[in-house]
Amino acid sequence: MTYKNKWALITGASAGIGAAFARSLAQKGANLVLVARRKEKLESLAAELAAAYSVETIVIAADLADPLASSDIAEKLASDGVNIDILVNNAGFGMPGNFTESDWAAHRDFLALMVTSYAHLTHAFLPGMLERDYGRIIQVASVAGLVPGSSGHTLYGASKAFLVSFAQSLAGECEGTGVHASALCPGFTYSEFHDVNETRSLVSQLPKHMFMEAEPVVEGALEAVEKAHVVYVPGAWNKFTVWLMKALPRPWAALMVKNQSAKFRRATAD
Ligand SMILES: NC(=O)c1ccc[n+]([C@@H]2O[C@H](COP(=O)([O-])OP(=O)(O)OC[C@H]3O[C@@H](n4cnc5c(N)ncnc54)[C@H](OP(=O)(O)O)[C@@H]3O)[C@@H](O)[C@H]2O)c1
């Protein structure tokens with residue numbers, strides 16, 4: 001797999017899965033547009049990868065919950081003459097607690113990042129990909145988007161289910177072209193995710209076999225999108241979980257998710 005002279009845009013590239021995508025894509029020759037809020041982290045990653053792999057890099061510090069951020073990014077890249085060939089929509093976080101525990105502004109910003117920015121950036125870059133007859137689009141969803149909704153983290157599973165469905169529709173619309181669209185559905189992955197949402201002490205009580213490192217998640221996702229595999233679940237444990245939730249009668253699956261999620265989702269920062 002080589003992406004020499006391609007440009008990849010990765011959101012949420014300052015940490016975790018997004019940083020792992022940046023490393024892997026640079027190693028495969030892609031030039032990078034790195035997007036997140038923490039500019040220093042992006043700049044240090046960009047400098048490291050430019051030196052290691054002789055790729056070009058552009059750093060854009062942006063809060064993707066801002067309704068203007070996605071169009072500003074697209075306009076800046078167009079004015080710089082940069083065509084995006086690979087789009088990895090990945091930026092995200094989780095909000096523990098039940099629905100009414102957070103105010104509407106927090107939910108609004110969550111949806112703006114986790115749903116709207118993914119759709120907006122795809123809308124901005126897909127036409128160019130179709131015109132050039134080449135594109136790779138990865139929507140970073142979650143196992144949570146493939147199983148019944150959990151109690152707590154209320155909008156998280158719903159936002160990830162949106163991304164799965166969105167990727168399926170895009171894949172159908174792009175069939176027969178050089179553009180491939182996939183949803184990556186990881187389970188628990190080592191990153192800053194559970195530190196940011198302050199559930200590290202809860203999830204660290206879970207068995208280690210439930211967790212994956214970010215690197216194999218990313219390598220599997222890149223192979224999957226190359227093969228035009230539309231919904232990709234990395235890891236044996238995650239695949240088993242998704243299989244079980246589909247095999248069980250729906251009310252049993254919902255009850256199991258409700259009971260399990262109470263262990264690591266419902267509590268806020270305790
Ligand atoms: N880790 C898991 O167990 C797991 C499981 C399934 C799915 N996922 C999904 O994987 C994706 C990446 O998560 P991760 O595990 O790598 O978490 P992470 O290590 O916390 O990284 C999240 C990234 O998103 C960026 N981000 C957050 N809010 C942003 C905003 N408003 N605007 C721009 N960038 C923002 C963060 O950068 P800044 O703070 O610098 O902005 C960071 O680069 C997410 O979509 C998550 O839902 C994770």
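A few points about this structure:
- Among the residues of segment 229-261, the one identified as touching a residue at least 60 places away in the same chain (Cβ under 8 Å), under 20 Å from LEU206 (Cα atoms) and not in a helix (DSSP H, G or I) is VAL233.
- Subset of segment 76-134 that is at pLDDT 95 or above and acidic (Asp, Glu) - its residue that is farthest from ASP66 (Cα to Cα): ASP133
- The number of residues in segment 182-212 being under 22 Å from PRO96 (Cα atoms), of a type outside the set (Ser, Thr, Tyr) and more than 10 Å from the ligand (Cβ to nearest atom) comes to 7.
- Under the condition of being farther than 17 Å from ALA91 by Cα and either in contact with a Lys or Arg (Cβ under 9 Å, 6 or more places away or on another chain) or open to solvent by less than 50 Å² (accessible area, probe 1.4 Å) (or both), the residues counted in segment 1-19 number 6.
- Residues that are over 18 Å from LEU32 (Cα atoms), assigned to a helix (DSSP H, G or I) and within 16 Å of the ligand (Cβ to nearest atom) within segment 119-158 comprise ALA119, HIS120, VAL143, ALA144, GLY145, THR154, LEU155, TYR156, GLY157, ALA158, listed in sequence order.
- Screening segment 20-42 for residues that are within 7 Å of the ligand (Cβ to nearest atom) and either within 15 Å of the chain's Cα centre (by Cα) or surrounded by 24 or more Cβ atoms within 10 Å (Cβ to Cβ) (or both) and picking the one that is farthest from LYS6 (Cα to Cα) gives ALA36.
- Among the conditions (1) closer than 19 Å to ALA19 by Cα; (2) open to solvent by 20 Å² or more (accessible area, probe 1.4 Å), the only one that MET256 does not satisfy is (1).
- Tally, over segment 203-228, of residues that are more than 16 Å from the chain's Cα centre (by Cα) and open to solvent by 30 Å² or more (accessible area, probe 1.4 Å): 9
- Of all residues making up segment 183-202, the number that are touching a Leu at 6+ places or on another chain (Cβ under 9 Å) and open to solvent by 30 Å² or more (accessible area, probe 1.4 Å): 1
The values are calculated or read from the model by the stated rules, or taken from the named source; none is laboratory data. Bear in mind that the values here come from a model prediction, so they are computed numbers and not experimental data. Quick reminder, even Gly has a Cβ in these numbers, built from the backbone with ideal geometry, and neighbours come from all protein chains shown. Calculation scope for accessible area: heavy atoms of the full protein, side chains included, ligands and nucleic acids excluded. Shrake-Rupley method; radii C 1.70, N 1.55, O 1.52, S 1.80 Å.
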